[in-house]
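Reviewing the structure listed below.
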């Protein structure tokens, strides 16, 4: 088992940072009947999912962690079938309706209505595992709500209110602005901020103590800095370092950056060095390589812009960020990513060349 | 089906969210919308009702008014049979309009029993089309004739946020009522009443004014926030003004100030760092931008031209984000423009 999974906290009390959030969640769990719908938002790797799993655990007891993977097919009114993976326990169901693409609306309508129309089995059963005061409702966890279409979000609005007595929703997303206001205003918002570097260091330390090896402070700080405030990534990096040195970690050991980051770094260096059509062709090859390796185009453009801006003049930085935003937006509108990536590179070359010419002219 | 669920007495009492539980039961209970209420009250007494189109911002009581009206027209045993409520969660393509609505609209109604003398019990049925702005234009077009053909026994109540999204021929068949977003005074009265019903503590009541400020005229938001505060406080968590902003999902003032000082710092790198931190903290760029707007507009140092330029850029960024653009990049573009604008006006002023 990877350390990330092995040391994932399972109880609300074990959560290592954001004490106020943990406190709020446990106060909600202690009084489940008055729990409203929840809306978790925050950047990737901040620990949203971990908190939700912990919350479910304290709402329903150990039964909530007995999970199974289900594959369900939904039929839309136009007789098209959509297949969707979902993770279920007796008490809750977790789906990522965005996977259904255009048909996400039907999935939402179906799943919630179905969940809401039969009562929580655990609540009526008198089995020994049932805690006193356990919740009498079921929970639907919808991940990546920001990927839902407008219609699907509109479908959520009234559904959330109507079925609230038998079914609570937990919505999870990274990007709060893509969720429509009426849905947000129906939920209790919980902002899970990315942990600070100190907090990551503490997490890394506790992993090292549990695995009983020495983690030098300097290395922990380095990893925390490189992880860009993402715990999952930090722990993975730590494990990578550990494996590399077979357990004997040194304080000045380099933290492995991922291949694709180095690759983009290299690309940035190349296009600042020379602005010619030949270079552009070479850049295209690199971009293709990145895309083939499943690096999302918006991540490429963001990282590339950041790398490019490192040694630029302030006025140029402004222009680069402007164009990066422009082409990133185009990527999300269009369907052929490579065009926009290339266009960005070409644009940068033009802007930079002009700047150089003006400087030396 | 849902309605049957909701009426099961065992589940209803303590489990529904407050927004549902304290929905006004009669028209008199509805806060603030006096004109609408007066007109509809009249309809209740005379038993005559035109088709209605209710529109206004979220949380101003449109659905509540429609439901309260139905409750007052018929005896509880009757009204569920008389009212068909369709919202965006139901399938509402053209086929539904053709079949379900047509079917419901074409059935005549039986005369009510004698025990209903306290209710006007008018001889028609009501179809409530909630969130009518999400009904497809095709389906709306199909509705036109249905509304007229069945108007003898059916009344339609269309509810929407934006009246412009309802096609004109449909809108002209209805009596239009505009709902205003609620002023704090009338919201406060209602919130206080709810707080008393729920035995909220004094410290929670002290937060009411802040809750109203964040809700910005949206009653549902205010009630949801109040419930969140109450359930958090019941579990022992401390809720103060700063925590309230977070519960409502808004960036706290301190955070906005931090961004503002970064904009004034004249340095791209400082600004970039702050923006990066803010996105790592999980604040929504959209809300940050809307918090920045009043500050930018009222700023003394900026010249008018830069203000206009910034306003345009903010609007563009907002649109781009909705279309799927990256939050951080869009926020950065606005902020970098702001930084250079400030720099410019500073040199001019000197």
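The values are calculated or read from the model by the stated rules, or taken from the named source; none is laboratory data. Remember, it's a predicted structure, so these values are computed and weren't measured experimentally. Glycine also receives a Cβ, built like all others from the backbone with ideal geometry; neighbour counts cover every protein chain displayed.
Taken as a whole, the structure places residue B:249 among residues that are surrounded by 21 or more Cβ atoms within 10 Å (Cβ to Cβ), within 14 Å of another protein chain (Cβ to nearest Cβ) and modelled with pLDDT under 85.
For region A:314-340, a residue qualifies if it is at the interface with chain B (Cβ under 7 Å from one of its Cβ atoms), farther than 20 Å from residue A:272 by Cα and free of Cβ contacts under 8 Å to residues at least 24 places away in the same chain, and the qualifying residues are A:329, A:333. Could you please find all residues in region B:212-236 being in a loop (DSSP other than H, G, I, E, B) and within 8 Å of another protein chain (Cβ to nearest Cβ)? Correct list: B:218, B:235, B:236.
When residue B:239 is tested against the conditions (1) buried (at least 19 other Cβ atoms within 10 Å of the Cβ); (2) part of a helix (DSSP H, G or I), the lone failure is (2). Considering each residue of region B:279-293 in turn, none proves to be in contact (Cβ under 8 Å) with a residue 40 or more places away in the chain, more than 10 Å from chain A (Cβ to nearest Cβ) and outside any helix (DSSP H, G or I).
Here the condition is being crowded, with 21+ Cβ neighbours inside 10 Å and modelled with pLDDT of 80 or more; of A:138, A:162, it holds for A:138 alone.
If you filter region A:200-226 down to residues that are touching a residue at least 40 places away in the same chain (Cβ under 8 Å) and crowded, with 18+ Cβ neighbours inside 10 Å, you find that the one that is farthest from residue A:167 (Cα to Cα) is A:207. Of the set (1) closer than 26 Å to residue B:28 by Cβ; (2) touching a helix residue (DSSP H, G or I) at 6+ places or on another chain (Cβ under 8 Å); (3) modelled with pLDDT under 80, all apply to residue B:134 but (1). Do we find a residue being outside the structural domain of residue A:149 (by TED's automatic domain parsing), modelled with pLDDT under 90 and more than 19 Å from residue A:228 (Cβ to Cβ) anywhere in region A:303-312? Yes. Going by the structure shown, is residue A:300 closer than 16 Å to residue B:326 by Cβ, surrounded by 13 or more Cβ atoms within 10 Å (Cβ to Cβ) and more than 10 Å from chain B (Cβ to nearest Cβ)? Spelling it out, residue A:300 is indeed closer than 16 Å to residue B:326 by Cβ, surrounded by 13 or more Cβ atoms within 10 Å (Cβ to Cβ) and more than 10 Å from chain B (Cβ to nearest Cβ).
Looking only at region A:99-112, residues that are within 25 Å of residue A:49 (Cβ to Cβ) and either surrounded by fewer than 19 Cβ atoms within 10 Å (Cβ to Cβ) or touching a residue at least 60 places away in the same chain (Cβ under 8 Å) (or both) come to 3 in all.
Only helices (runs of 4 or more DSSP H) whose full extent lies in region A:157-256 are considered here, and the ones with at least 2 residues that are outside the structural domain of residue A:116 (by TED's automatic domain parsing) and within 25 Å of the chain's Cα centre (by Cα) are A:197-210, A:217-226, A:231-244. When region B:174-202 is filtered for residues that are in contact with a strand residue (DSSP E or B) (Cβ under 8 Å, 6 or more places away or on another chain), farther than 17 Å from residue B:31 by Cα and part of a loop (DSSP other than H, G, I, E, B), only B:174 remains. Criterion applied to A:292, A:299, A:243 was being free of Cβ contacts under 8 Å to residues at least 12 places away in the same chain, over 30 Å from residue A:218 (Cβ atoms) and out of contact with any helix residue (DSSP H, G or I) (no Cβ under 8 Å at 6 or more places or on another chain), and the one residue passing it is A:292.
Taken together, the criteria exclude residue A:64 from residues that are out of contact with any strand residue (DSSP E or B) (no Cβ under 7 Å at 6 or more places or on another chain) and more than 12 Å from chain B (Cβ to nearest Cβ).
Applying the condition of being within 22 Å of the chain's Cα centre (by Cα) and under 25 Å from residue A:30 (Cβ atoms) to region A:65-87 and asking which residue is modelled with the lowest pLDDT yields A:65.
Residue-by-condition table, conditions (1) in a helix (DSSP H, G or I); (2) under 26 Å from residue B:150 (Cα atoms); (3) in contact with a helix residue (DSSP H, G or I) (Cβ under 8 Å, 6 or more places away or on another chain):
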residue: B:24; (1), (2), (3): no, no, yes
residue: B:37; (1), (2), (3): yes, yes, yes
residue: B:40; (1), (2), (3): yes, yes, yes
residue: B:44; (1), (2), (3): yes, yes, yes
residue: B:49; (1), (2), (3): no, yes, yes
residue: B:58; (1), (2), (3): no, no, yes
residue: B:66; (1), (2), (3): yes, yes, no
residue: B:70; (1), (2), (3): yes, yes, yes
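Residue-wise test of (1) more than 26 Å from residue A:198 (Cβ to Cβ); (2) within 8 Å of another protein chain (Cβ to nearest Cβ).
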| site | (1), (2) |
| --- | --- |
| A:1 | yes, no |
| A:7 | no, no |
| A:16 | no, no |
| A:20 | no, yes |
| A:26 | no, yes |
| A:30 | yes, yes |
| A:35 | yes, yes |
| A:39 | yes, yes |
| A:42 | no, yes |
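Being surrounded by 17 or more Cβ atoms within 10 Å (Cβ to Cβ), in contact with a strand residue (DSSP E or B) (Cβ under 6 Å, 6 or more places away or on another chain) and modelled with pLDDT under 90 is a property that holds for residue B:147.
One residue alone among B:304, B:309, B:276, B:323 is surrounded by fewer than 19 Cβ atoms within 10 Å (Cβ to Cβ), under 24 Å from the mean Cα position of the chain (by Cα) and either outside the structural domain of residue B:215 (by TED's automatic domain parsing) or at pLDDT 85 or above (or both), and that residue is B:323.
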